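Colleague: First the structure, then my questions, so here it is.
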Amino acid sequence: MVCIPAGTFVMGSNHHYPEEAPAHAVRVRGFWIDRYAVTNAEFKRFVDATGYRTSAERPANPDDYPGAQPDMLAPASVMFAKPPRRVDLRNHYNWWVYTRGADWRHPRGPESTLDGLWDHPVVHVTYDDALRYARWAGKDLPTEAEWEFAARGGIDGAEFVWGDQLAPGGKPMANTWQGEFPWHNLLEDGYEWTAPVGSFPPNGYGLFDMAGNVWEWTRDWYQDHSKIVKACCTLDNPRGGSADASTDARTPQIKIPRKVMKGGSFLCAPNYCRRYRPAARMAQPVDTSTCHVGFRCVIREIAHDAIQT
């Protein structure tokens, strides 16, 4: 883990997606954060020790989804399926497929395995899956402000975690999508799916993959920044929000609460979801696992000599 000192920074952005605004000052207490996203090998140790089964490996509770067809309650997760040609970007069902048999053990579909992927970030984990791992490890999930503060690496106000150019000198700095999403990936960074953790340069705090590769869960309920600009993000002064307020107003019939995820993924592209930036944020339903969402953990308020880096 890496020790992140306490500090104040400008959170969010006024220049990109509306959910990032307004930019506002936030003070964060010092904490420790994982140098890398949790890997498949680390998650396997947790599963082996506890017998835990992830949400994608269990049938859904029909009480949570009234009216759902039985086949929609079978164990499954959400997979990316690259279309053969240009599609309407307004309809994400053109590339997302709810897939039986996709889970953390089968990250690229039911026929895939973890062979060669042990040092890749674990995916197909819901918020509860990530939180269960964190508690088993004696840790927690970061708040949104903790995550963003750490991602910035001491460079407050920069566009990316490494500076203001997406690919300085033409060099990809993160595992993202080069080309026209979702059908044409140039693979200039060398990866079509996830990359091994630490494949790209670290940020100023020595943290890897704080942009691209996989989105990462945070503990904050999703809400507009405009509703929370007066609060800061320490445990004794939370940023507020609630599960009920985090649901998507565009789909009032679906009452699944949402958490904030950060960092972007290997599917983020210049022409779509330009969210491989520290200010970027997305809402993710707590019950939904996908092939591009993982997590890392934090420890708060401990003596610096109480943990090995």
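Colleague: Search the range 270-283 for residues being over 25 Å from residue 186 (Cβ atoms) and in contact with a Ser or Thr (Cβ under 8 Å, 6 or more places away or on another chain), and hand back the single one that is surrounded by the fewest Cβ atoms within 10 Å (Cβ to Cβ).
Modeller: Of everything passing the filter in the range 270-283, 283 is surrounded by the fewest Cβ atoms within 10 Å (Cβ to Cβ).
Colleague: Taking residue 110 as the residue in question, decide whether it is open to solvent by 40 Å² or more (accessible area, probe 1.4 Å), at pLDDT 95 or above, out of contact with any Pro (no Cβ under 7 Å at 6 or more places or on another chain) and not polar (S, T, N, Q).
Modeller: Working: open to solvent by 40 Å² or more (accessible area, probe 1.4 Å): yes; at pLDDT 95 or above: yes; out of contact with any Pro (no Cβ under 7 Å at 6 or more places or on another chain): yes; not polar (S, T, N, Q): yes.
It is true that residue 110 is open to solvent by 40 Å² or more (accessible area, probe 1.4 Å), at pLDDT 95 or above, out of contact with any Pro (no Cβ under 7 Å at 6 or more places or on another chain) and not polar (S, T, N, Q).
Colleague: Restricting to the range 4-21, what's the tally of residues that are surrounded by fewer than 14 Cβ atoms within 10 Å (Cβ to Cβ), out of contact with any Pro (no Cβ under 7 Å at 6 or more places or on another chain) and in a loop (DSSP other than H, G, I, E, B)? Show your work before the answer.
Modeller: Keep residues of the range 4-21 that are surrounded by fewer than 14 Cβ atoms within 10 Å (Cβ to Cβ), which gives 5-6, 8, 14-15, 18.
Right, trim to out of contact with any Pro (no Cβ under 7 Å at 6 or more places or on another chain) and you get 5-6, 8, 15, 18.
Those still in the list that are in a loop (DSSP other than H, G, I, E, B) too: 5-6, 15.
Of the residues in the range 4-21, 3 are surrounded by fewer than 14 Cβ atoms within 10 Å (Cβ to Cβ), out of contact with any Pro (no Cβ under 7 Å at 6 or more places or on another chain) and in a loop (DSSP other than H, G, I, E, B).
Colleague: Can you name every residue in the range 271-286 that is part of a loop (DSSP other than H, G, I, E, B) and either among the basic types (Lys, Arg) or within 21 Å of residue 81 (Cβ to Cβ) (or both)?
Modeller: Across the range 271-286, the qualifying residues are 271, 273, 274, 275, 277, 281.
Colleague: How many residues are closer than 13 Å to residue 224 by Cβ and free of Cβ contacts under 8 Å to residues at least 60 places away in the same chain if we restrict to the range 2-25?
Modeller: Within the range 2-25, residues that are closer than 13 Å to residue 224 by Cβ and free of Cβ contacts under 8 Å to residues at least 60 places away in the same chain number 1.
Colleague: In the range 24-51, what residues are open to solvent by less than 70 Å² (accessible area, probe 1.4 Å), in contact with an Asp or Glu (Cβ under 8 Å, 6 or more places away or on another chain) and under 17 Å from residue 125 (Cα atoms)?
Modeller: Selection gives 37, 39, 40, 41.
Colleague: Quick one: how many residues across the range 98-139 are on the phi > 0 side of the Ramachandran plot and over 15 Å from the mean Cα position of the chain (by Cα)?
Modeller: Final tally of qualifying residues: 4.
Colleague: Within the group 125, 87, 97, 78, which residue is open to solvent by less than 70 Å² (accessible area, probe 1.4 Å), touching a Gly at 6+ places or on another chain (Cβ under 7 Å) and either within 28 Å of residue 251 (Cα to Cα) or assigned to a loop (DSSP other than H, G, I, E, B) (or both)?
Modeller: 125
Colleague: Additional query: Surrounded by fewer than 22 Cβ atoms within 10 Å (Cβ to Cβ), within 13 Å of residue 276 (Cβ to Cβ) and of a type in the set (Asp, Glu): is that true of residue 159 in this structure?
Modeller: When the stated conditions are applied, residue 159 passes them.
Colleague: If you don't mind, there's one more thing I want to ask. Can you tell me which residues in the range 128-156 are within 26 Å of residue 77 (Cβ to Cβ), surrounded by fewer than 21 Cβ atoms within 10 Å (Cβ to Cβ) and among the acidic types (Asp, Glu)?
Modeller: Selection gives 128, 140.
Colleague: Still on this structure: Inspect the range 258-266 for any residue being of a type outside the set (D, E, K, R), assigned to a strand (DSSP E or B), touching a helix residue (DSSP H, G or I) at 6+ places or on another chain (Cβ under 6 Å) and modelled with pLDDT of 95 or more and give the result as yes or no.
Modeller: yes
Colleague: Residue pairs, Cβ under 7 Å, 6 or more apart or interchain, first in the range 181-201 and under 17 Å from residue 123 (Cα atoms), second among the aromatic types (Phe, Trp, Tyr). List them.
Modeller: If the second residue must be among the aromatic types (Phe, Trp, Tyr), the pairs left are 191/266; 193/266; 194/266; 197/36; 197/208; 198/36; 198/208.
Colleague: Taking the options 41, 56, 74, name whichever one is under 20 Å from the mean Cα position of the chain (by Cα) and farther than 24 Å from residue 198 by Cβ. Lay out the reasoning, then the answer.
Modeller: Values: 41 fails: farther than 24 Å from residue 198 by Cβ; 74 fails: under 20 Å from the mean Cα position of the chain (by Cα).
None of the other options fit; the residue is 56.
Colleague: Here are 215, 193: which of them is among the hydrophobic types (A, V, I, L, M, F, W, C) and open to solvent by 10 Å² or more (accessible area, probe 1.4 Å)?
Modeller: 193 is the lone residue from the list that is among the hydrophobic types (A, V, I, L, M, F, W, C) and open to solvent by 10 Å² or more (accessible area, probe 1.4 Å).
Colleague: Of the conditions (1) farther than 24 Å from residue 38 by Cα; (2) touching an Asp or Glu at 6+ places or on another chain (Cβ under 8 Å); (3) open to solvent by 60 Å² or more (accessible area, probe 1.4 Å), residue 185 clears all except one; give me its number.
Modeller: Against the list (1) farther than 24 Å from residue 38 by Cα; (2) touching an Asp or Glu at 6+ places or on another chain (Cβ under 8 Å); (3) open to solvent by 60 Å² or more (accessible area, probe 1.4 Å), residue 185 comes up short only on (3).
Colleague: Being within 28 Å of residue 80 (Cβ to Cβ) and either at pLDDT below 95 or assigned to a helix (DSSP H, G or I) (or both): is that true of residue 151 here?
Modeller: So residue 151 fits the description; yes.
Colleague: Within the range 64-71, does at least one residue satisfy the condition of being in a loop (DSSP other than H, G, I, E, B) and either under 22 Å from residue 216 (Cβ atoms) or small (Gly, Ala, Ser) (or both)?
Modeller: yes
The values are calculated or read from the model by the stated rules, or taken from the named source; none is laboratory data. The shown structure was predicted, so the numbers you read here are calculated from the model rather than taken from an experiment. We place every Cβ from the backbone using ideal geometry, glycine too, and count neighbours over all the protein chains shown. For accessibility, only protein heavy atoms count, side chains too; no ligands or nucleic acids. Shrake-Rupley method; radii C 1.70, N 1.55, O 1.52, S 1.80 Å.
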